[in-house]
Amino acid sequence: MKILICTVGGSHQPIIKAIEDSQPDFTLFVCSEDDPDTGKPGSYEQIEKRGIFLKKDFKDEKPSLPNIPTQAGLREGNSYAVLRVYADDLDHAYSEISRCIYEYVQRGDVIVADYTGGTKTMSAALCLAALDHDSIDLQLVTGSRNNLVKVKDGTEQSQQAQIGRTRFQLKLRHALASWELFAYDDTLLHLADQKPLNRDDRGTLQAVRNLSTAFSAWDRFDHVTALELLDNYLSKYGKLLAPYASQLRLLCNESSKQIPARLLDLWLNAQRRAIQRRFDDATSRAYRLLEWSAQWLLANQASIDTSRVAVDKIPDTLRLVPNNDGLYKVALYEAWELAAYHCDEGVRVFWEQNKERMKDLLSIRNHSLLAHGFSPITAGEWQRVTLFVEEALLPLLLMQSSKLGIRHLPPQLPKTLTF
């Protein structure tokens, strides 16, 4: 079914023209309610009032025409309806029009929205409601003008409003809002059905899709894919992307800096999960960070592999039992004990000051659903994890990585994209 939705004001001519040109199966007239101050009837009278009461021309002394449906040959009862809204209440008009449009869209109707008549508020409300749905055509009736009041009678013609770029920009802005929570895949979902006609918009869409894909890959630790995609846009968005491309090269290229760079990247990933209030995921990453940090320090300073510790590297204070293959393996807490024994003074000081505090972090993790427990981690528990990492572990990591030229925590992934 083809539906025409038109706002009705004081002039009947553009409404008649819109109906003639659109040839709808059903027309929804959006009319104003009675004025609350003066009690003057709203524009619904142009649809519902009986008899001869409309003037063919504004200058005519006497009315000579019936209501708009009669002039347009609309059958009463099943070919049109009236929706009354408050003339100057944008919220009310928008919500009422949107409610009707939603029903039509769900039904699969073809919708044309004509915003020529009515108050500015009513026209704005119809435009806003129409912009919510890509399938709705927006039009107005225009014509020749010899003043700023109205077009010259007899010159009216329907004209489709060009809103493709406006729709795309609104959709793009909404989609990019997902970057605020690092939900780059959500941006891709919001833009999946977009096919802008404008060349510049097509280029923008492709860039946003590829950059969202890049940062989504980075968020999944797929640093190689992220770097390949970002490299394509350095010439255009270098100011935004250059720091991230530099960091990705550290993460991708095998060197002495790669593991400490990955450790710091893992902490930023944990923070992103916490911002999304996924505290169990965040804590699991913090646990892995703590474990991996000990493994890196042992490998870097003492050439010890925690999955096969040589017997002569095991101090008397550490009681280890070999597994079925005769190998000595150490878990997280034991790895830090081993690191405190074999690594430099900074590691030993860290261990002495924080080994009891570390037990608290391990307890939080072990009682979580993603470890051995049954309860979700709370925001308060995550805060304890955060304080431990930021006050104790990160200073140690940065002190150790500074020897390799990494002295600062890298930037967090972007939350905005500016063109």
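Here are the numbers for the structure shown:
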{"read-out": "Candidates S256, S216, S178: whichever shows maximal mean-square fluctuation once the chain is modelled as a Gaussian network with Cα springs under 10 Å", "value": "S256"}
{"read-out": "The stretch 1-124 - convex hull of the alpha-carbon atoms, volume per residue in Å³", "value": "106"}
{"read-out": "For the chain, size of Cβ-based charge dipole, Lys and Arg +1, Asp and Glu -1, in debye", "value": "780"}
{"read-out": "Amide H within-cut-off set for S368, under 5 Å, with H built and near neighbours excluded", "value": "G373"}
{"read-out": "Spatial separation of Cα centroids for the stretch 79-144 and the stretch 324-371, in angstrom", "value": "64"}
{"read-out": "Residue-normalised accessible area of the chain, given per residue in Å² at a 1.4 Å probe", "value": "53"}
{"read-out": "For D89, net neighbour charge (Lys/Arg +1, Asp/Glu -1) across residues whose Cβ lies under 11 Å away", "value": "-4"}
{"read-out": "Residue-by-residue Karplus 3J(HN,Hα) for the stretch 208-215, coefficients 6.51, -1.76, 1.60, Hz, glycine and proline x", "value": "5, 4, 5, 5, 5, 5, 4, 6"}
{"read-out": "Under 11 Å, Cβ to Cβ, from D34 - net charge with Lys/Arg +1 and Asp/Glu -1", "value": "-2"}
{"read-out": "Of R209, R285, R220, the one that fluctuates the most in a GNM where the chain has Cα springs shorter than 10 Å", "value": "R220"}
{"read-out": "Accessible area of the chain belonging to carbon and sulfur atoms, whole % at 1.4 Å probe", "value": "50"}
{"read-out": "Length-normalised contact order of the chain in % [C-alpha pairs under 8 Å, at least 6 apart]", "value": "11"}
{"read-out": "GluC sites (Glu not before Pro) restricted to DSSP loop in the stretch 1-103 with at most 10 other C-beta within 10 Å", "value": "E61, E76"}
{"read-out": "The stretch 342-418 - percent relative contact order, Cα under 8 Å, separation 6 or more", "value": "23"}
{"read-out": "Whole-Å semi-axes of the ellipsoid equivalent to the stretch 345-419 (Cα gyration tensor, √5λ, descending)", "value": "26, 23, 9"}
{"read-out": "Under 14 Å, Cβ to Cβ, from Q301 - net charge with Lys/Arg +1 and Asp/Glu -1", "value": "0"}
{"read-out": "Among L172, L240, L397: highest mean-square fluctuation, GNM of the chain, C-alpha pairs under 10 Å", "value": "L240"}
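The values are calculated or read from the model by the stated rules, or taken from the named source; none is laboratory data. Computed from a predicted structure; not experimentally measured. Cβ coordinates were reconstructed from backbone atoms using ideal geometry, including for glycine residues, and neighbour counts include every protein chain displayed. For the accessible areas, the whole protein counts, side chains as well, though only heavy atoms, and no ligand, DNA or RNA atoms are used. Shrake-Rupley method; radii C 1.70, N 1.55, O 1.52, S 1.80 Å.
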